[in-house]
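The values are calculated or read from the model by the stated rules, or taken from the named source; none is laboratory data. Note that the structure is a prediction, hence the values are computed from the model and not measured. Positions of Cβ are backbone-derived with ideal geometry, glycine not excepted, and every protein chain shown enters the neighbour counts. Ligands, DNA and RNA are excluded from the accessible area calculation, which covers all protein heavy atoms including side chains. Shrake-Rupley method; radii C 1.70, N 1.55, O 1.52, S 1.80 Å.
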Amino acid sequence: MSAPVITVENLGKRYLVGHQSAQRERYSTLRDVLMRNARDLWRKTADVFCGRQIIQGDEVEEFWALRDVSFEVRWGEVVGIIGRNGAGKTTLLKILSRITEPTVGRVTLWGRVASLLEVGTGFHPELTGRENIYLNGAILGMTRAEIRRKFDEIVAFAGVEKFLDTPVKRYSSGMYVRLAFAVAAHLEPEILVVDEVLAVGDAEFQKRCLGKMQDVAGHGRTVLVVSHNMALVRHICTRAIYLDLGRVVVDGTVEQALGEYLRMAEARNGLKSERRQGDGRLRFTDFWVENDRGERVGYVASGEPCVLVFSYRNFGCRAQDKVDVGFGLHLPSGERLLLLYASHMGQTLSVAREHGQFRCRLPGLPLPTGRYGIFPRIEINGVEADFPLDGVGWIDVEELDFYGTGRRMVDHSHGFAPYLIKGEWSEGTIAQPT
Amino acid sequence: MNGDSLIQDRIAPAVTTSGGPSSPGPRRAPLIIEPGRTEKNYWRDLWRYRELFQVLAWRDLSVRYKQTVIGIAWAVLRPFLTMVIFTVIFGKVANLPAPGNVPYPLLVFAGMLPWQFFATSLSEASNSLISNANLISKVYFPRLIVPAATVVVGLVDFLISAAILAAMMLWYQFAPGWGVLLLPCFILLTFFASLGPGLWITALNVKYRDFRYVIPFLIQFGLYVSPVGFSSAVVREKFGDGLFMLYSLNPMVGVIDGFRWCLLGGECAIWWPGFAASIGVTAFFLWLGIRQFRKLERTFADFI
């Protein structure tokens, strides 16, 4: 029986969020606007003097990102933390790595913690690769002697020998990410806290990172890893904690936690309503999302390939009938963003079995984080066969490193847009045609 | 937890087989994270992170003049041109006296030296947390390192300016007295004078971005209020000791007087009561800055 290395007791973290109150009418007179601004100014000034947080909007709501979280981790355990968006995983890691303090509860740590919430934290674009290795290493808590000792190893791991003295702003995004991860991978803390950093780089590099992580775990160190990658969790974790809405739902074996997580994801998904149109020769019975390797997933990363699976039951469709199936992808507001039918792709399907699946492989959803409703429809020989009016479920999309730059989230500071797109920028003029 | 025993069986071998230097080793005093808990070994932690301090300071220095044409010459040009203008305006146009036989440009430059250091350090320190927001929200380290490291940038500019002053003193054939040996103490005093308010404002800046607009204004204003372009003796003669005491509440009055005394010798005597007041205010701001910074530090990541 080994001793605990992390003890978490009744941990909670509260944030205050502001809203604009609903009764604030859209059309208001100049006098109202002035009055409201004056009131806001007065309130904010009072807040500053009392040292309170300034909150935009006039309704303040408490939001518990974590609540009553207790668990224990022992030496050498590799614990996966899973859960959907907003379940409090990152908040938990931030508290454990002392970036933010909890509102209630207590954490006891017997060992040095290194946290890796992002690869390439503190990389400076103007500095060269060599300089950034030292900078990033120091930020992650390595001593200079330690970095010097591992320098060659880091460079070899990243494969950037030729560009060591080039400013990293000239690096390709792949090189940048590889270098950043290489530094992080050579950390040797007693407790390592990792947040979804394996979702970057190409497959080959990911494999090397995985090997490195297992190495760390194999040396009796303790690792806490947040991941949406079920295969990864299954592969390297000895235990998993499933968080939902800031609470621990399952704390047990990887299979227990993953099983419950998938069960919950599916329970929320699938057909609920019986409101449907169509003659019913074919009916949708279920819906889920798979990744490229055929594993069911609760999430899709923006831009990553995924497969939408619509299972159906055949009530009277014959093998010679021409089947067209399609789906619309909707915003929570109900607005349709995308529409894709098999016929758009020039395909015609046919159905002969009683039970089966329509599978639609998407090269990638260029969408920001969110939950998108899926509304499928079947036509047989041009006649509507099934159309569940309330949809069949949804896809949760999460912006993991969409642009391949090593940053986990998409930067929305310039404004929000419903689609993500990749492109390359350059500066210069094109010679005018004469 | 019913799965507990099962897990134990699985991980037990992993722990026992991991011998050597990477094994847990002797148990240390645990680190406890609790709301409102101030860390006992904060200052020791600060010492442990000294390499990060060096690296951040070095980073700020090496990117400071990247992609500029004349580079480090900016550090020479700015104080020099200001000195020329102040000499013309205060020395020639307003015809203010310089004590003893001190050439007016030297008087101005000896005041300019600590002022530039103060102004650069204060403005860099107060923006430091915001400009390092990505670090604050992703990694733990004693946050005090960030504003402290930026002061080093000011220090390097200061050393360059000091070299100009030395050249000017050669030009005017003006030899400093033994007081120059005390210069390091006054440099330290300037450092503390800028760090105190810098810490306070940078901490407030995280929560209330209003303060980023306060600093440029304060610095512009302070340049004329502090005795940079003129000798503080002028102020004392005009307003008497009582009001000069009030004037000395500006910590830069004591600092600039001290610098002039060190560099220009006996003619620029320090009026000790006023100097003591300046030191008192500096100490107060340093205490306040550190206290407020420590208090707000724990919530930086939530607000930045």
Selected residue (only one of A:V392, A:V383 is surrounded by fewer than 18 Cβ atoms within 10 Å (Cβ to Cβ) and touching a Gly at 6+ places or on another chain (Cβ under 9 Å)): A:V383
Lone unmet requirement of (1) in a helix (DSSP H, G or I); (2) open to solvent by 20 Å² or more (accessible area, probe 1.4 Å) for B:V253: (2)
Options B:F275, B:F259, B:F293, B:F221; residue that is assigned to a helix (DSSP H, G or I) and within 14 Å of another protein chain (Cβ to nearest Cβ): B:F293
Test for A:G83: is it more than 26 Å from B:F141 (Cβ to Cβ) and at the interface with chain B (Cβ under 9 Å from one of its Cβ atoms): no
Selection count, the stretch A:13-58, where residues are away from chain B (no Cβ under 14 Å), surrounded by fewer than 13 Cβ atoms within 10 Å (Cβ to Cβ) and at pLDDT 65 or above: 11
Pair list, Cβ under 8 Å, 6 or more apart: the stretch A:208-236 residue within 20 Å of A:A182 (Cβ to Cβ), other residue open to solvent by 30 Å² or more (accessible area, probe 1.4 Å) and acidic (D, E): A:V216/A:E188; A:R221/A:E188; A:R221/A:E190
Single condition A:G364 does not satisfy, out of (1) of a type in the set (G, A, S); (2) exposed (fewer than 15 other Cβ atoms within 10 Å of the Cβ); (3) modelled with pLDDT under 90: (2)
Qualifying residue in the stretch A:115-134 (condition: open to solvent by less than 20 Å² (accessible area, probe 1.4 Å), touching a strand residue (DSSP E or B) at 6+ places or on another chain (Cβ under 6 Å) and either within 7 Å of chain B (Cβ to nearest Cβ) or of a type in the set (D, E, K, R) (or both)): yes
Among the candidates B:L204, B:L188, B:L195, residue that is open to solvent by 40 Å² or more (accessible area, probe 1.4 Å) and modelled with pLDDT of 85 or more: B:L188
Hits in the stretch A:334-349 - residues which are open to solvent by 80 Å² or more (accessible area, probe 1.4 Å) and over 22 Å from A:Y419 (Cα atoms): A:Q347, A:T348
Residues that are assigned to a helix (DSSP H, G or I) and either of a type outside the set (A, V, I, L, M) or open to solvent by less than 20 Å² (accessible area, probe 1.4 Å) (or both), drawn from the stretch A:155-170: A:V155, A:F157, A:A158, A:E161, A:K162, A:F163, A:V168, A:K169, A:R170
Subset tally (residues that are out of contact with any Lys or Arg (no Cβ under 8 Å at 6 or more places or on another chain) and facing chain B (nearest Cβ under 7 Å)) for the stretch A:105-114: 4
Hits in the stretch B:133-172 - residues which are in a helix (DSSP H, G or I), farther than 30 Å from A:I99 by Cβ and either within 14 Å of another protein chain (Cβ to nearest Cβ) or in contact (Cβ under 8 Å) with a residue 24 or more places away in the chain (or both): B:V156, B:D157, B:F158, B:I160, B:S161, B:A162, B:I164, B:L165, B:M168, B:M169
Candidate set from the stretch A:171-200 (those that are among the hydroxyl-bearing types (S, T, Y) and touching a residue at least 40 places away in the same chain (Cβ under 8 Å)); member that is least open to solvent (accessible area, probe 1.4 Å): A:Y171
Of all residues in the stretch A:139-154 being open to solvent by less than 10 Å² (accessible area, probe 1.4 Å) and touching a helix residue (DSSP H, G or I) at 6+ places or on another chain (Cβ under 6 Å), the one that is nearest to the other protein chains (Cβ to nearest Cβ): A:I147
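A quick yes/no check of all residues on (1) within 29 Å of A:V104 (Cβ to Cβ); (2) in contact with a Lys or Arg (Cβ under 8 Å, 6 or more places away or on another chain); (3) within 13 Å of another protein chain (Cβ to nearest Cβ); (4) not acidic (D, E):
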site	(1), (2), (3), (4)
A:N229	no, no, no, yes
A:L232	no, no, no, yes
A:V248	yes, no, yes, yes
A:D286	no, no, no, no
A:V307	no, yes, no, yes
Output for the stretch B:47-61, where each listed residue is in contact (Cβ under 8 Å) with a residue 24 or more places away in the chain, hydrophobic (A, V, I, L, M, F, W, C) and touching a Phe, Trp or Tyr at 6+ places or on another chain (Cβ under 8 Å): B:L52
In the stretch A:102-128, the residues that are small (G, A, S) and in a strand (DSSP E or B): A:G105, A:A114, A:S115
Matching residues, the stretch A:89-114, being more than 23 Å from A:R221 (Cβ to Cβ) and open to solvent by less than 10 Å² (accessible area, probe 1.4 Å): A:T100, A:P102
Pick from the stretch A:217-232, criterion more than 20 Å from A:I95 (Cβ to Cβ) and not in a loop (DSSP other than H, G, I, E, B), ranking: most open to solvent (accessible area, probe 1.4 Å): A:G218
Residue that is within 18 Å of the chain's Cα centre (by Cα), in a loop (DSSP other than H, G, I, E, B) and either within 15 Å of A:V289 (Cβ to Cβ) or outside the structural domain of A:C306 (by TED's automatic domain parsing) (or both), where the choices are A:I395, A:I421: A:I421
The stretch B:44-94, subset polar (S, T, N, Q) and not in a loop (DSSP other than H, G, I, E, B), residue nearest to B:P142 (Cα to Cα): B:Q54
Close pairs from the stretch A:138-161: first free of Cβ contacts under 8 Å to residues at least 60 places away in the same chain, partner surrounded by fewer than 20 Cβ atoms within 10 Å (Cβ to Cβ) and acidic (D, E), Cβ under 9 Å, at least 6 apart: A:A138/B:E51; A:M142/A:E188; A:M142/B:E51; A:T143/B:E51; A:R144/B:E51; A:E146/A:E188; A:K150/A:E188; A:V155/A:E161
Check on B:F211, at pLDDT 85 or above and either more than 20 Å from B:V253 (Cα to Cα) or open to solvent by less than 40 Å² (accessible area, probe 1.4 Å) (or both): no
Close pairs (8 angstrom Cβ cut-off, 6 or more residues apart or separate chains): among the polar types (S, T, N, Q) in the stretch A:14-43, open to solvent by less than 100 Å² (accessible area, probe 1.4 Å) and modelled with pLDDT of 70 or more anywhere: A:S28/A:R36
Subset tally (residues that are hydrophobic (A, V, I, L, M, F, W, C) and open to solvent by 20 Å² or more (accessible area, probe 1.4 Å)) for the stretch B:256-269: 2
In the stretch B:98-111, residue most open to solvent (accessible area, probe 1.4 Å) [restricted to those that are part of a helix (DSSP H, G or I) and closer than 17 Å to B:V235 by Cβ]: B:Y104
